[in-house]
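The values are calculated or read from the model by the stated rules, or taken from the named source; none is laboratory data. Everything numeric here is computed off the predicted structure, so don't read it as measured data. Ideal geometry is used to build each Cβ from the backbone, glycine not excepted, and the neighbour counts take in all protein chains shown.
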Amino acid sequence: MKILKYLLFLVLIIIIGSAIYFGTKEGSYDIQDSMIIQAPPQVVFNKVNDYKSWEKWGPWKKEDSTIVFTYAEKTSGEGASYSWDGEMSGSMTTTKVIPNKEIEQDLTLNTPAGERNPKVYWTFEEVDGGTKVTWGMKGEHTLIDKAYYSLSGFNFDASMHEMNKSGLEGIAMEVAEDMKQYSINVDGVTQYGGGYYMYTTTVAKQDEIEGRLDAMLEQVMGFITQNNLNMAGAPFTIYNEFDTTTGTVIFSTCIPVKEQVITPEGSPVVCGFMEPVSAVKTTLKGDYKNISEAYTKTRQYIEKNNLQIDPNGKLFEVYITDPEETPNPANWLTEIYIPIISTPEPVEEGM
């Protein structure tokens, strides 16, 4: 009996000593990782804000192929939630959202040792070249958790950093693919109404045009604002003359106005007028980088339908969306118009 008492006493000492030892280990944790993603904050924020996207970019299915996700009626914004079942079940609810800047979430994990409730947080910061995204999680380790990590050699911090890195890389890949999406639709022959517009003109190499457009539009918009003029439509660009020898283009960047405006002599922004014109219209939805393909398809349509391009007409493009308001290039809308001088019945187009 004395031996049994000594053994029980020894076990009790070990338990108390272990509790004291593991209890003195740091229990709080706050683990975060950051990555710069080449996309505007709104695009990255939207990817994280909607739980339905997490299944694609998240690292969890790589670790557990049996995992099944269940989505609530609301999956984005404050109050959104989703849950999952697999080797470990759990759920997450969004508790705070500052659009394009911050997200906070409550996480519930059902572990073999009981329920855990860490806090998850995200920040989105606009930087040169994209968005700095920070993904973090903080909480408290229980005594059982601390004992398990110590005895098993499991490195909780390293595991979380690895998960964060994999997830952030997944977000970057998903966002890049999203922004590449585009479509081209040849709408056919249309009548463009024309009208007055304010414009500025320059000459540039063809591959320099896109880089010049923003500054030129700002100059015209500045003139309109300064003189209290009202826009009468979406901005557009007119291609006045192509020089195939030098590879240069003379083009004007324009903003429609309701009536003729008399400008002072020497003004870099002047008023022009476009007559109504028959043209083949094509709509590009997506990044402007795909504009050459849109022109190719438009010319193919013209040839197939026996239309004749007006040799005196000037190509022009209308920019329906404002990139400042629509940061995802996949949602940009650009209309291109190639003037024609004849309009026979078009052949059915399968483009």
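Structure above, values below:
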{"quantity": "In the stretch 230-248, residue farthest from VAL203 (Cα to Cα) [restricted to those that are crowded, with 18+ Cβ neighbours inside 10 Å and either free of Cβ contacts under 8 Å to residues at least 60 places away in the same chain or hydrophobic (A, V, I, L, M, F, W, C) (or both)]", "calculated": "PHE236"}
{"quantity": "Options ASP187, ASP178; residue that is part of a helix (DSSP H, G or I) and either in contact with a Lys or Arg (Cβ under 9 Å, 6 or more places away or on another chain) or of a type in the set (S, T, N, Q) (or both)", "calculated": "ASP178"}
{"quantity": "Number of positions in the stretch 29-68 that are hydrophobic (A, V, I, L, M, F, W, C), within 17 Å of the chain's Cα centre (by Cα) and closer than 18 Å to MET92 by Cβ", "calculated": "4"}
{"quantity": "Single unsatisfied condition, GLN32 versus (1) of a type outside the set (Val, Ile, Thr); (2) closer than 16 Å to GLY167 by Cα; (3) at pLDDT 90 or above; (4) part of a helix (DSSP H, G or I)", "calculated": "(4)"}
{"quantity": "In the stretch 316-351, the residues that are of a type in the set (A, V, I, L, M) and at pLDDT 60 or above", "calculated": "VAL318, ILE320, ALA330, LEU333, ILE336, ILE338, ILE340, ILE341"}
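Residues checked against (1) more than 19 Å from GLY194 (Cα to Cα); (2) surrounded by fewer than 15 Cβ atoms within 10 Å (Cβ to Cβ); (3) aliphatic (A, V, I, L, M):
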| residue | (1), (2), (3) |
| --- | --- |
| ASN290 | yes, no, no |
| GLU293 | yes, yes, no |
| THR298 | yes, no, no |
| ILE302 | yes, no, yes |
| ASN305 | yes, no, no |
| ILE309 | no, no, yes |
| ASN312 | no, yes, no |
| ALA330 | yes, no, yes |
| THR334 | no, no, no |
